[in-house]
1. Can you tell me which condition E282 does not meet? The list is (1) at pLDDT below 95; (2) within 14 Å of the chain's Cα centre (by Cα); (3) not polar (S, T, N, Q), and all the others hold.
2. Of the conditions (1) of a type outside the set (S, T, N, Q); (2) under 19 Å from H161 (Cβ atoms); (3) more than 16 Å from the ligand (Cβ to nearest atom), H223 fails just one. Which one is it?
3. Quick one: which residue in T157, T147 is β-branched (V, I, T), over 21 Å from I205 (Cβ atoms) and out of contact with any Asp or Glu (no Cβ under 8 Å at 6 or more places or on another chain)?
4. Exactly one condition in (1) crowded, with 22+ Cβ neighbours inside 10 Å; (2) closer than 17 Å to G316 by Cα is not met by Q367; state its number.
5. How many residues does the stretch 161-181 hold that are under 16 Å from I205 (Cβ atoms) and in contact with a Phe, Trp or Tyr (Cβ under 8 Å, 6 or more places away or on another chain)?
6. Please go through the stretch 345-365 and pick out each residue that is in contact with a Gly (Cβ under 7 Å, 6 or more places away or on another chain) and under 15 Å from P297 (Cα atoms).
7. Does A230 satisfy the condition of being surrounded by 23 or more Cβ atoms within 10 Å (Cβ to Cβ) and among the aliphatic types (A, V, I, L, M)?
8. Six or more apart or on different chains, Cβ under 7 Å: which pairs go from a residue in the stretch 154-167 that's in a loop (DSSP other than H, G, I, E, B) to one that's of a type in the set (D, E) and near the ligand (Cβ under 9 Å from one of its atoms)? Could you list them?
Amino acid sequence: MSGWKSPRGRVLSAFVLGSLIVLQSACSGAAANTPSLTPAPLQHTGTAGLSGPSAGSTPSRAPTTATPSPLQGTGTAGLSSPYAGSTPSPLQGTGTAGLSGPDADSTPSRAPTTDASNCQEDWCAYEGHFWLERPVQSVMGDDIDPTYRYGSTENGTREAHSGVELQAPAGDSVHAAAGGVVVVAGGDDQAHAVAGNSGYGNVVILKHSFPGLDQPLFTLYAHLQEIDVAPGESVSGGQVIGKVGATGAATGPHLHFEVRLGGDTIGDTRNPELWFQPHAGEDSRPNGALAGQILNPDGSLANLSNVVLQYTRLQGAVALQVTYLQTYASSAQHGDDEWQENFAAGDLPAGWYRVTFVIDGGMIDRQVEVFPGRVSVLKVRVN
Ligand SMILES: [Zn+2]
């Protein structure tokens, strides 16, 4: 893909939350209700409202050699892997060279490449679809705001987020995340764009097609101060399509960015973190991503306010940085068509991650390896 790209490899920047606290502004993509606009700037540390043993720990400022695992010492009894049993799955696990089961021959157009050598009992690494460039490149970086991720309610203080925020000063250029065609460029009074919700302000939607993807992908850029493209226009990846602003329901200048797959309504969104090209890590290898699906005993997607990722670089080692996530809050947020995840974090340094959370009264503790330029998908179902 052509166009601008971040030259920086910032391994830890997504975790440096403290610097964002003062500057952060936010929106709700589904900002039909004004209560969702409460800025709650003091809750942006990512720990407010969290329960459990990790609630008092500091999520940012890695690396740290502090207490490696506040969640340590818990077992995994009572759990089973969806892959461990007889259930046929393209994710089928350990020792399964290649794919097996009825899904093996149904080649999806976007066929994730399962590298069997990277599979473990309950997770597998995929090639992924990191096809999108970062739409802003500001003095505040080009990372997503980690305090209000896709599907997050910011601990119940906001509506479930239909996209991600990228912080940037008003007037900064907004770039097309990929080449495509402009399908919407205007105010959020265009019902086509907002599907019954207001709050986007000036919004651009681009339609993209990618080789091997059998449905259109849309990217949405909201709160724009200025729009520099018109409907029907073709744009190249990286092309300037507008300027960062705070139009619509925004507490300050920032870019609200969405990925929509198959259709361009708010019901078609996916997690942009699983589409952005990862930055280069400290060893110049690209970062990777981790996605997970947590199921209740009845098979439904779990709704958890605190999923903790501890980056340890080596399996079982001391945590170097910690990321706090929550599962996608509502049915308005969709997992990947293939992976059906209900939590995810992109742009993670390659290495081992300890994934811990409390569900059904028990603490779950899993180790997952993240590979450069790939997405590791963990699946856990409580018995
Ligand atoms: Zn937003």
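The values are calculated or read from the model by the stated rules, or taken from the named source; none is laboratory data. Everything numeric in this text was worked out from a predicted model, so none of it was measured. Using ideal geometry, Cβ is built from the backbone for each residue, glycine included, and neighbour counts are taken over all protein chains shown.
1. The one condition E282 does not meet is (2).
2. That leaves (3) as the condition not met.
3. T157 is the lone residue from the list that is β-branched (V, I, T), over 21 Å from I205 (Cβ atoms) and out of contact with any Asp or Glu (no Cβ under 8 Å at 6 or more places or on another chain).
4. (1)
5. 7
6. Once the filter is applied, which keeps residues that are in contact with a Gly (Cβ under 7 Å, 6 or more places away or on another chain) and under 15 Å from P297 (Cα atoms), the stretch 345-365 yields V358, G362.
7. For A230, the condition - surrounded by 23 or more Cβ atoms within 10 Å (Cβ to Cβ) and among the aliphatic types (A, V, I, L, M) - is not met.
8. S162/E258; G163/E258
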